[in-house]
Structures are given as C-alpha cells and as structure tokens.
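Take a look at the structure set out below.
Values quoted throughout were computed directly from the atomic coordinates according to the rules given, and no laboratory measurement underlies them. None of these values were measured; they are calculated from a predicted model. Every residue, glycine as well, gets a Cβ built from its backbone with ideal geometry; the counts of neighbours run over all protein chains shown.
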C-alpha cells in the first residue's frame, strides 16, 4: 500500500462505531448508525485538515487524529474497568479524575508526535493496513447479518400474508372501536409491589376498576424479557420454537425483532382498514413498525447514539444529553396519545413506554432524578425507591391519558394497559446467584405483571384473572372480529440473557397468593 495515502484516521474513527453496531445488532437497526458515522468521520476529516494546515504536515496530522479517535472512543471502556475500584464515592468525581488523566495522556501523545523528527510514512502505511483489515472484517460481518435478517423477514412476511388472507373481514358498514395497546415496561403486579417494595398500588388499580377496567389479578408474563414478551403478545403465540431456530445456545435477535416490527396483530388490523399509529419508544424493535401509517416521535437521540456515548469521552454527559431526550419522549408520547381520538377512522395505537423500567428519569412529581445513573440494567434495579417514584409518575400519566381517551372517543375504545415483565431487584441482591438461579422469590418479582383491560361488555365477560399477554389479541380477534382464534393455555417461561432461548416452564411457581 502507498505509505503516502492517509486513510487510517477515517477508518479507525469509523471502526469503533461499526464494531459497536455489530455487537448490538440484535437490538439496533443499521439506519441508526448513519448519522453517528457521518458526524464522527466528518469530525475526523475536519480535525485532520485543520491539523495538517497548522502543522504543515499531513502525515503527523493523520496520526494525531487517529490517536484522538482511540482516546475518545476508548474512554467509556476504561471507565467501566476502573469505576468499582477507584476510592472515590461520587460517580462524577470518578469521571473528572479519569477525564483529567485521559486528557493529560492525550495531550502528551499529541505533543510527542508533533515534535518528533522521525519519518512517519511507514507508520502511516501500517495504520492504513490495520484500519482496512478491521473495517472490512466488521463490514463483512454486518452485511452478512443484514442479508440474513432480510431473508428471515421476507420469509416471515410471506407466511403471514397467507394467514391474513384466510381471515374473513367483517362487513365494511360496521364501525370499529379504536384499540390502544399500552406497554408499561417492567411494571410490577400489586402483590410484588407490596412484597418487595413495601408499596400499596391500590390507588392506581382502583382508579382503573372505577373507570370500567378489568384488572387481571393473577396475570403473569409469558416471558421474562421484553423482546420475547412482545414477540409473543403481538403475534399471539408462544415462541419456544426459537429453541430450534436460531437455537437454544443462540442470542441472535433477528427473528424476534423482525416479528415485533412486522407483527400479526398489526397485519390483521391493517386488513380491517385500521390506521396503525405507532409511538417511537426509543428502544430498537419498538422504535418503528413496518405497518405504521402514523409514526409519532419525541426527543432527540436514538438507541445507537445512546449506546455509543457510553463508550466515549462524552460518557459523563450521557444522562444530560440522552436522559433529556428520553424524558421528552415519554412525556410527549403520553400527551399525544391523549389526542389520538381526534384522528378520524378506526386506529390501532401501540405505545411501548420504557418506564417504570430504569433508567430512572422521573421522581414522583415528574422532576429530574439527581445522582441517578443512565443505565437500563444491572444494579440500578436495586434502587427500589427510585423505581417506585418513577412508577408513581407513570401512574399519573396513565390516569390522565385514560380520562382523555374515555371522554374524547366517539365510540368507547378498547384499551389494554399491560406490562411486558416485572422488575428485577431481587436478582442483584448480595448472594442471590443472579439470573442463573431463578428462585421462586425472583420469579414472582419478574413474572407477575400489571394487566388491565377496558373492553366492551361482549368482550369483558370472557376475561378471567390469570389471562396472560399471549391471549390478549386472541380474545379480541375471536370475540370482536369473529376470527378463528382459539385461546391458549396461560403459561410462563423463564430464560436468561445468556441463554434467552433455553426456556423453563415456571408457571406452577407463580401461583398468586
């Protein structure tokens, strides 16, 4: 390779982003990478040209740009390694300490390169080769993954179309009710809130009952993770076949993510001339829907940018940058949901609210939460007081939306307010054994859920205390649309993040006291 060709600053700036996407491709859409990639490579080009003009040496400018990229994109990884053993209590103080060390090392490296009299053309050639190998290898893996994803999605769509055509639509003269499917991520069952959080949530469930809702008092999630739970409920089926494809040892989310975005519930309702109104959740598979007629988005930032910020020198600012966007998204989505009745025609409204699940962005009154980490998993679950405060705020938002929907809708709507799974504070207690030791206590917390229905009388009479999400739309399609859908036995299956498709039936361990 020509050692005078300087491409390594751009390759080694692009590589961390491409590799990060590859590592998280089961949760992301490739389009989410484009903006971050353009900004990063564009920034590297600007820095390279500026340094070249100042130093009057583009070889040195290229190496300095690469050094800056390495320091910038490796900071978060270094922080995660040293965070726990630094003898400093405040997380921000830890960041300040490491940022100062990082900046000092970066400045020292830049000065050394700027002052050196050595011929750096061979170093440039070596870095070019390293950059090319890393980028080409990563791009090949991404392209292979995307082709696989596309093939699976096309096969899935083809089989779904046959099922859709086989259904018999009702007479077009019949006026359909709006259907709202509101997922409150990680919302616990009342018994769980009493047992593990010392919190009485009856005020909220009494509000629902007082407004005509049926609260399924013995409901449990069918699966303990969001993407499995939503794949199941939105496609009205158990998904244990994932043990065969992609396999019990796999963590590949291509099939679940594709089936969430191209779900059978939306397909069915679309064939009944429903408008599909989808609220961007900010979380990969529910950021959009293939069948959305109306996509409502609030808040800046996307999933990839948020994950990327954790690895860079912007890590200390991620809560300010992306926490603000997440707050705006949740509040904005609730506000706009209350306006949906103004849209003419029957509508299927899907809103996945990533709360009360962490990160903890709201106190009980909706204010920002100081000293709260912008994290969705891990020890953050043990901050039970913050979980309850966020749940109280979400309760207020739901009450407002319910009141608006019931008062503004021309025809009484169908409203489902449902959790995908419960919280997980017990999994991180000292000596608990984590996810690989699912005791009855842990299972109660994770699998028991809020599940409430506002149904017309002809549907509500078929509800029962232990109805689970997999049967939600089977009941609606069977009794309201005269579809050929049999009710399934309500079962709950547990699996871990390491082996998500290795399912264990835990139904008998979840009997409600």
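With both labels modelled 7 Å from their Cα along Cα-to-Cβ, the residue 432 to residue 375 distance reads 1.3 nm. Considering only the chain, what is the antiparallel percent among its DSSP beta bridges, to the nearest 5? So the antiparallel bridges amount to about 35 percent of the total.
Is the C-alpha gyration tensor of region 8-141 telling us rounded, prolate or oblate? Criteria: a/c under 1.5 is rounded; beyond that, a/b larger than b/c is prolate, otherwise oblate. Verdict is oblate for region 8-141. Across all Cα atoms of region 177-510, the radius of gyration (one decimal) and Dmax (whole number) stand at 18.8, 57 Å. In degrees between 0 and 90, to the nearest 10, how far off the longest principal axis of the chain does helix 384-408 point, with axes built from Cα atoms? The helix 384-408 is inclined about 50 degrees to the chain. What the Cα atoms of region 71-151 give is an Rg and a Dmax of 19.0, 54 Å. Computed extension length for residue 50-residue 504: 157.6 nm, one decimal, from 0.36 nm per residue of separation with the Cα-Cα distance subtracted.
Relative to the dominant Cα principal axis of the chain, helix 226-235 is inclined by about 40°. State whether region 332-385 is rounded, prolate or oblate according to the following rule on the C-alpha gyration tensor (a ≥ b ≥ c being the square roots of its eigenvalues): a/c under 1.5 gives rounded; otherwise a/b larger than b/c gives prolate, and the remaining case gives oblate. Prolate, since a/c reaches 1.5 and a/b exceeds b/c.
The tail of the calculated P(r) for region 452-513 beyond 17 Å holds 52 percent of all Cα-Cα pairs. A straight line joining the Cα centroids of region 23-75 and region 262-298 runs 35 Å.
Is region 347-447 rounded, prolate or oblate when judged by the Cα gyration tensor, a ≥ b ≥ c being the square roots of its eigenvalues, rounded requiring a/c under 1.5 and prolate requiring a/b larger than b/c? Cα axes put region 347-447 in the oblate bin. On a 0 to 90° scale, report how tilted helix 8-23 is relative to the longest principal axis of the chain, with both axes built from alpha carbons and the result rounded to the nearest 10. Long axis of 8-23 versus the principal axis of the chain: about 20 degrees. From helices alone, the chain scores -16000 deg cm²/dmol at 222 nm; the rule is -39500 (n - 2.57) for each run of n ≥ 4 DSSP H residues, then divide by the residue total.
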